[in-house]
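Please treat every number below as a calculation from the coordinates, not as lab data. Just so it is clear, the structure is predicted and the values come from calculations on it, not from any experiment. Reconstructed Cβ throughout: ideal geometry from the backbone, glycine too, with neighbour counts over all protein chains shown.
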Amino acid sequence: MSKIAYQKLLDEAMGINTEIARLPVISEDIMLISYNAEAAAARAGDQGRSLHVLTAEIHQLADVISESVHYMTDQVMHYTRNMAKITNNHNRQHSYARARALMGDTGEADGMTHSLVDGNIEVIVATNRELLGSVPHFLATLEKNVEEIRRRIKLGEIISTNVSIEVASMMTGAQEVKVFKLLAEKLLTACKEMRGIVELCDKRLTNIHTTLRTVAL
Amino acid sequence: MKAETLYEHNGHQWIAFGRDPEKPNFVIDTNEYMVMSGASAMIMDPGGVEIFPEVITAISKFMPVSGIKAIFGSHQDPDILSSLSLWLDMCRDAKVYVPWVWTDFITHFGCDKSRMIPIPDEGMPIDVSPSLKVEAIPAHYLHSSGNHHIYDSQARIYFSGDVGAALVPPDFTGMFVEDFDKHIRYMEGFHRRWMPSNRARDVWIERVRPLKIDMLCPQHGAIFTGKDVERFLDWFSTLELGSAVEPKEVKPHAA
């Protein structure tokens, strides 16, 4: 595998890391929305009862997203570390291979040194093969997490719609209605933002797949 | 890469490596040294990762690298030791001797700490083989805050790390100083900039002058031989160190 391919695999993972680093801020926003919704539902009294359920769902949504992000960050970190090791090993392999070529040209180095260099190259190649072998598992886990977040986004969008419907039937004061409408809008915006992030992660995951396919050919 | 035998007596040998015409021009020129005694050897400041293939190839012409039992790093700089992890995978029995203050820094080059032998501030003897002991001599603040040199009293060779270093032009192909006065132009700027302490220099000169030194071997530039060793010490003793830049005149970029 070429140095460029290794670099590409590392760059894409770091790109995913940058994208998902934006998610905790959004999940905190959602958590804040849930607190505000809780307070507004309490103010609405009996009429806000049905909103209590939706508020709890928003809260849970924020928790689950935060948990998924945490897990994904760990996964990407682990992968990035492996890719950095692979790149470093590749450079080491290059150094040994250059030394071996130089020694071969001069023909003056002893056989023991030759075999040590060859042995080190073999170890590096085997290590890199093993590290690369873990990539499909990483991709599968990450894709599962991205899918989970996508499902949660969908749920957030449904909750937002439900809040809007509930608010429309509320007979309470204009202030509570305004607050709930605003919260529903905010939740929808947060979902939209997360959808954008997930799409970017998807693109990068596809790029990793493509790079792996290219080097396997 | 050039290899120059500096000393040879009964299987005890000093070899200097350097002046590689193939060296990429984006890395500073360095000299590497090896002292051999029978089937064992110690390499000194083996260099950066960029020149590892050339250095190991040059060394392997003299002995199997499995015979390298010690790797000495005068200090922590990348041009000294960034190839360390590559060397350690080649020299499975080798121990790494480095100033104690740098051990936890040098591990960032990818080196197993259990293979390191921290050199205390006062220096220590290092066994190259059962019949050859060399001495790690303190040279702190010249230029690094934890810095040692190597003295071999049998060969009367002193490996001086960055002391005596010179930034020679690409057409300078010799391994030795041939005209001391002309050579000053290549080393003056280096010492004024990289060497920060007159006091440390004075202590070091006092420590080194009584030693019997036939060759003073720096990590950059050319080797001083014979009377040039004394000339160098005289010249160095009067140089104003830490004077290449006037700190007051350096205006921070943000200012």
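The figures follow:
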item: For region A:100-192: rounded, prolate or oblate by the Cα gyration tensor [a/c cutoff 1.5]; result: prolate
item: Anisotropy class of chain B from Cα gyration tensor, a/c 1.5 cut; result: rounded
item: Max mean-square fluctuation residue, GNM over chain A, Cα-Cα springs under 10 Å, options A:Asp110, A:Asp202, A:Asp11; result: A:Asp110
item: Amide proton proximity set for B:Ala222, modelled H, under 5 Å, gap of 5+; result: B:Ala166
item: Positive minus negative residues near B:Tyr33 (Lys, Arg vs Asp, Glu; Cβ under 11 Å); result: -4
item: Rounded if a/c under 1.5, otherwise prolate or oblate - region B:108-255, Cα gyration tensor axes; result: oblate
item: Label-to-label distance, nm, for residues given as A:Gln60 and A:Arg195 (7 Å Cα→Cβ offset); result: 2.3 nm
item: Highest-first arrangement of B:78-84, B:62-68, where packing means the average Cβ count within 10 Å; result: B:78-84, B:62-68
item: Cα centroid separation, region B:137-213 to region A:75-129 (Å); result: 35 Å
item: Over region A:62-217, relative contact order from alpha-carbon pairs under 8 Å, at least 6 apart, %; result: 24 percent
item: Amide proton proximity set for B:Asp20, modelled H, under 5 Å, gap of 5+; result: B:Lys2
item: Under 22 Å from B:Lys95, Cα to Cα: lysines that are on another chain or at least 8 residues apart; result: B:Lys61, B:Lys69, B:Lys113, B:Lys133
item: Mean Cβ count within 10 Å, highest first, over the residues of peptides A:45-58, B:119-132; result: A:45-58, B:119-132
item: Reachable aspartates and glutamates from B:Lys227, criterion Cα separation under 15 angstrom, eight or more residues apart if same chain; result: B:Glu178, B:Asp179, B:Asp181, B:Asp214
item: Within straight-line cross-link reach of A:Lys192, lysines at Cα separation under 26 Å, skipping those fewer than 8 residues along the same chain; result: A:Lys144, A:Lys154, A:Lys178, A:Lys181, A:Lys203
item: Neighbour cut-off at most 12 other Cβ (10 Å), DSSP loop, GluC sites (Glu not before Pro), region B:1-97; result: B:Glu22
item: Cβ-based exposure ranking for A:Met170, B:Met36, in which fewest neighbours within 10 Å come first; result: A:Met170, B:Met36
item: ³J(HN,Hα) computed for each position of region B:27-34 - Karplus, 6.51 cos²θ - 1.76 cosθ + 1.60, integer Hz, glycine/proline x; result: 10, 5, 5, 9, 10, 10, 10, 9
item: Value of relative contact order over region B:64-157, rounded to a whole percent, pairs C-alpha under 8 Å and six or more apart; result: 24 percent
item: Helical contribution to [θ] at 222 nm, DSSP H n ≥ 4, -39,500 (n - 2.57), averaged over chain A, rounded to 500; result: -33000 deg cm²/dmol
item: Computed [θ] at 222 nm, helices only, for chain B once each DSSP H run of length n ≥ 4 contributes -39500 (n - 2.57); result: -7000 deg cm²/dmol
item: Sites B:Ser145 and A:Ile158 - FRET efficiency at Förster radius 60 Å, r taken between beta-carbons, to 0.05; result: 0.40
item: Net charge contributed by nearby residues that have their C-beta within less than 11 Å of A:Met31 (K/R +1, D/E -1); result: -4
item: Karplus 3J(HN,Hα) series, Hz, for region B:89-95 with 6.51 cos²θ - 1.76 cosθ + 1.60 (x for Gly, Pro); result: 6, 8, 9, 5, 9, 6, 9
item: Estimated vicinal HN-Hα couplings, Hz - region A:188-200 in sequence order (Karplus 6.51, -1.76, 1.60; Gly, Pro = x); result: 5, 4, 4, 5, 5, 5, 5, 4, x, 5, 4, 5, 5
item: More than 18 angstrom apart: percent of Cα pairs within region B:200-255; result: 49 percent
item: Using a Förster distance of 41 Å, the FRET efficiency for B:Thr173-A:Thr210 (Cβ separation, nearest 0.05); result: 0.25
item: Simple Cβ-charge dipole of region B:127-255, Lys/Arg +1 and Asp/Glu -1, about Cα centre, in debye nearest 20; result: 300 debye
